[in-house]
């Protein structure tokens, strides 16, 4: 190590642990690890005076003593955090990996892959504001920040980062999901491709997620018992999902089973189903039909997409939750059919039985009309 011999302020000696190197003030100090071993740390500073460098050295020693800093702190980046969390998603086989990759891409585009992980707290507020100005909702911003927070936490677990920087959660005012009326459902069904119609109809009845439903294999179906049993690998929450089939749903599943093709293991088939064709990993033989969905809505003169206040296929879950609850099915049974894990999540999907509420209001109005007010007797006070 080459150092420049320079005097301290007013010709005195430099403070302990402070020295010149290549015309910059450096600091040096020792820390004791959990195993009792002493480690020397050297760090270049931006200090303009030996006194300022000495103050920084004292701060570093205090940070180490509190466990807020390690030898690697300041070297890991946002890109490292994103790689850590995406690797975890892929290793555990999470179905949300594709969504996570989209969130990670947005984070890296705004913060930069080279941004130091310990500096995230200083830049996240500006990043959130930039996302809001770009039209992103607070819910989407919070999902991005959750992914970033998870990546930073993984760095802490591997001892590459001392602590998780603070990232604020924004208040969410998400609009409730839309209910697909019978009239609108019939109009959409008319313009959908024939291969998508049974998928849409079954989703309206059971509320199963689009990916899980389109990936249904024939071996999942037990015709004799009238149930479809999804293994944990096919479910979002990594747990088995047993779906009982009511008569209407059973008719759709039975018709799909009758259309079995020897070369294809899936229950539902797309228009391009043929021997040797590779199915979609996310949507099975049916494949992605986002464009067909938008075209059908346009042909039915209905709005499409959340941003425009229109329908998305995921609204079939809102419709099924509302219809099942309105039919008198208990909340726990509704959750079992649609695969909701918590009461709080199910409540967000159930938009409420407005017809039953309207009937109760009408009954209340009629009852109020029959009430005869008591008249006061003359000479009495209230």
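Values computed for the structure shown
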read-out	value
Of all residues making up the range 143-167, the number that are surrounded by 19 or more Cβ atoms within 10 Å (Cβ to Cβ), in contact (Cβ under 8 Å) with a residue 60 or more places away in the chain and over 15 Å from residue 79 (Cβ atoms)	1
Among the residues listed as 284, 310, 339, the single one being touching a strand residue (DSSP E or B) at 6+ places or on another chain (Cβ under 9 Å), under 30 Å from residue 172 (Cα atoms), in contact (Cβ under 8 Å) with a residue 12 or more places away in the chain and buried (at least 16 other Cβ atoms within 10 Å of the Cβ)	339
Test: residue 215 is surrounded by 14 or more Cβ atoms within 10 Å (Cβ to Cβ) and outside the structural domain of residue 286 (by TED's automatic domain parsing)	no
Candidates 323, 291, 347, filtered to the one that is surrounded by fewer than 18 Cβ atoms within 10 Å (Cβ to Cβ), part of a helix (DSSP H, G or I) and modelled with pLDDT of 90 or more	291
Residue within the range 16-27 that is modelled with pLDDT of 75 or more and either assigned to a helix (DSSP H, G or I) or in the same structural domain as residue 111 (by TED's automatic domain parsing) (or both) present	no
Residue match in the range 2-14 (condition: modelled with pLDDT of 70 or more and surrounded by 13 or more Cβ atoms within 10 Å (Cβ to Cβ))	yes
Meets criteria (at pLDDT 90 or above and surrounded by fewer than 11 Cβ atoms within 10 Å (Cβ to Cβ)) for residue 48	yes
Of all residues in the range 241-273 being exposed (fewer than 12 other Cβ atoms within 10 Å of the Cβ) and within 29 Å of residue 97 (Cα to Cα), the one that is modelled with the lowest pLDDT	272
Test: residue in the range 173-191 that is closer than 26 Å to residue 344 by Cβ, within 20 Å of the chain's Cα centre (by Cα) and surrounded by 22 or more Cβ atoms within 10 Å (Cβ to Cβ)	no
Test for residue 320: is it within 22 Å of residue 213 (Cβ to Cβ) and out of contact with any helix residue (DSSP H, G or I) (no Cβ under 9 Å at 6 or more places or on another chain)	no
Condition met for residue 73 (at pLDDT 85 or above and part of a loop (DSSP other than H, G, I, E, B))	no
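Yes/no matrix, rows are residues, columns are (1) within 30 Å of residue 273 (Cβ to Cβ); (2) in contact (Cβ under 8 Å) with a residue 12 or more places away in the chain; (3) in the same structural domain as residue 308 (by TED's automatic domain parsing):
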site	(1), (2), (3)
116	no, yes, no
122	no, no, no
126	no, no, no
141	no, yes, no
169	no, yes, no
176	no, yes, no
191	yes, yes, yes
201	yes, yes, yes
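The values are calculated or read from the model by the stated rules, or taken from the named source; none is laboratory data. A quick note: this is a predicted structure, and the numbers were derived from the prediction, not measured. Don't worry about glycine lacking a Cβ; one is built from the backbone with ideal geometry, like all the others, and counts go over all protein chains shown.
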